[in-house]
Amino acid sequence: MRKPSSETPIHVGRLRTEFEAANILRMSPKTLQRWRWAGIGPPYIKVGRAVRYDERDLATFINDQRRQSRADTNLGARHE
């Protein structure tokens, strides 16, 4: 029996392949593969051996990367 999900339902029409997601993010599919291995990057869905990305997760990931200045990241912090 399938366990009910408490997460937002996924609309299959919004799922993108690894290649499509890489195009949306303007990077290589290899980068997405590395990010998955490292446990970073946008959330993804495994359907058997296939990897899919929900468009809403990609949009959220892009918006979460927005920065105003270097001070918004640890790159701007001084280490003493």
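Quick note: the coordinates plus some simple rules give every number you see, no bench work behind them. Since we're looking at a predicted model, the values are computed, not measured. Here Cβ is always computed from backbone atoms with ideal geometry, including for glycine, and neighbour counts include all displayed protein chains.
Couplings for segment 41-57, taken from phi via the Karplus curve 6.51 cos²θ - 1.76 cosθ + 1.60 with θ = phi - 60°, read x, x, x, 9, 10, 9, 10, x, 9, 7, 10, 10, 10, 7, 4, 5, 5 Hz in order; Gly and Pro are left as x.
Between R67 and K46, the FRET efficiency from the beta-carbon distance, with R0 = 35 Å, is close to 0.70. Taking every alpha-carbon pair in segment 12-64 and binning the separations at 10 Å intervals from zero gives 26, 65, 10 percent.
Going from the residue with the fewest nearby Cβ atoms within 10 Å to the one with the most, I24, I45 rank I45, I24.
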